[in-house]
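The values are calculated or read from the model by the stated rules, or taken from the named source; none is laboratory data. In this text, all values refer to a predicted model and were calculated from it rather than measured experimentally. Note: ideal-geometry Cβ built from the backbone for every residue, glycine included; neighbour counts use all protein chains shown.
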Amino acid sequence: MTGRPGGGPVFRATVRPLLVLGRWLLVEIQERRYGIRTSGEVELADLGLAAADRRSYKPSPWLGLRRALPRRSVSPDDVFIDIGSGRGRVVFQAARFYAFRRVIGVELSPQLHAEAVANIERNRASLRCAEVRLYCGDVLDVPIPDDVTVAYLYNPFAGAVFATVAGRLLASVDRRPRRLRIVYANPVEHDLLMATGRVRLTGRVRALRPGREWAASASVHVYDVTPAGSAAVTGPA
Ligand SMILES: C[S@@+](CC[C@H](N)C(=O)[O-])C[C@H]1O[C@@H](n2cnc3c(N)ncnc32)[C@H](O)[C@@H]1O
């Protein structure tokens, strides 16, 4: 993952530690409240899973999904997938707070996958969505179902892997036409996605972080996949 430069020396010595502490406290309180453990970063290299396009584990900002995907925009016909679901923070939030019919997670690391399973199992009784499916494997080996309507990615991979997954999402809409939203946090492959000519940027959540790089890494884009043959429009609605 990238670093978080930003702000001058005074800022780095004063405001920034307070911001970091505030965010840490928010997550601690929420995780204790719901009995989940998803914090901390894990390097794929330490798990023997590093590869050029893969990105390591870092949980989404706690409020990221809520800010990018209003609850009222989700109906019981919607199906959610977190591609690169890690310890399951976003899978938990999607299943706990939204009216999804099904929530799916796909995670490469068996260790992180096991932690996600434990987080979900501890909360089964209080989940709004009864059907949560967690798969362990490389996304390239795990099919993305044709009824998925919200695909969430928090910078799980880049380059060729991202291009392949994006292509599979577009092909899925071609096979089974439907509204498909891609919620892309830390959207480092934004240009690649737009270059497909098949997505429209419909929402952009700017992170409240100082410094361009830190803010960009915590921002979230929402795209609608457009039907094949229609003109894609750039720029947020
Ligand atoms: C930045 S973390 C995001 C975790 C989670 N989605 C969240 O928002 O809290 C990216 C995750 O993608 C996983 N990942 C990377 N490459 C993958 C691949 N090829 N297939 C499945 N998961 C992958 C990593 O192991 C890591 O857990």
Can you confirm whether residue 133 is touching a strand residue (DSSP E or B) at 6+ places or on another chain (Cβ under 8 Å) and assigned to a strand (DSSP E or B)? yes
For the stretch 156-190, enumerate the residues that are touching a residue at least 40 places away in the same chain (Cβ under 8 Å), not in a loop (DSSP other than H, G, I, E, B) and not aromatic (Phe, Trp, Tyr). 159, 160, 161, 165, 169, 170, 173, 174, 181, 182, 183, 185
Among the residues that make up the stretch 5-14, is at least one of them under 26 Å from residue 114 (Cβ atoms) and charged (D, E, K, R)? no
Residues in the stretch 68-86 that are within 12 Å of the chain's Cα centre (by Cα) and either farther than 19 Å from residue 123 by Cα or of a type outside the set (Ser, Thr, Tyr) (or both) total 8
Among residues of the stretch 10-60, those that are at pLDDT below 95 and of a type in the set (Ser, Thr, Tyr), counted: 2
Kindly evaluate residue 39 against the criterion of being within 16 Å of the ligand (Cβ to nearest atom), buried (at least 17 other Cβ atoms within 10 Å of the Cβ) and of a type in the set (Ser, Thr, Tyr). no
Among the residues of the stretch 87-131, what is the count of those that are among the small types (Gly, Ala, Ser), more than 12 Å from the chain's Cα centre (by Cα) and within 24 Å of residue 46 (Cα to Cα)? 4
Just to be sure I understand the filter: pairs with C-beta atoms under 6 Å, separated by 6 or more residues or on different chains, first member in the stretch 64-86 and touching a residue at least 24 places away in the same chain (Cβ under 8 Å), second member among the basic types (Lys, Arg). Which pairs pass? 76/101; 79/101; 79/102
Select from the stretch 44-66 the residues that are near the ligand (Cβ under 10 Å from one of its atoms) and closer than 20 Å to residue 19 by Cα and write down the one among them that is surrounded by the fewest Cβ atoms within 10 Å (Cβ to Cβ). 58
So, of the residues in the stretch 136-155 that are part of a loop (DSSP other than H, G, I, E, B) and among the charged types (D, E, K, R), which turns out to be nearest to residue 89 (Cα to Cα)? 138
Conditions first: (1) within 15 Å of the ligand (Cβ to nearest atom); (2) within 27 Å of residue 31 (Cα to Cα); (3) surrounded by fewer than 15 Cβ atoms within 10 Å (Cβ to Cβ). Residue 160 passes all but one, so which condition is the exception? (2)
Residue count, the stretch 134-146, condition more than 20 Å from residue 189 (Cβ to Cβ) and either surrounded by 14 or more Cβ atoms within 10 Å (Cβ to Cβ) or in contact with a helix residue (DSSP H, G or I) (Cβ under 6 Å, 6 or more places away or on another chain) (or both), comes to 4
In the stretch 100-112, anything under 16 Å from residue 81 (Cβ atoms) and more than 9 Å from the ligand (Cβ to nearest atom) is listed as 100, 101, 102, 103, 104
Can you run down the residue pairs with Cβ atoms below 6 Å, 6 or more apart or on separate chains, where the first is in the stretch 37-48 and closer than 12 Å to residue 89 by Cβ and the partner is within 9 Å of the ligand (Cβ to nearest atom) and part of a helix (DSSP H, G or I)? 38/89
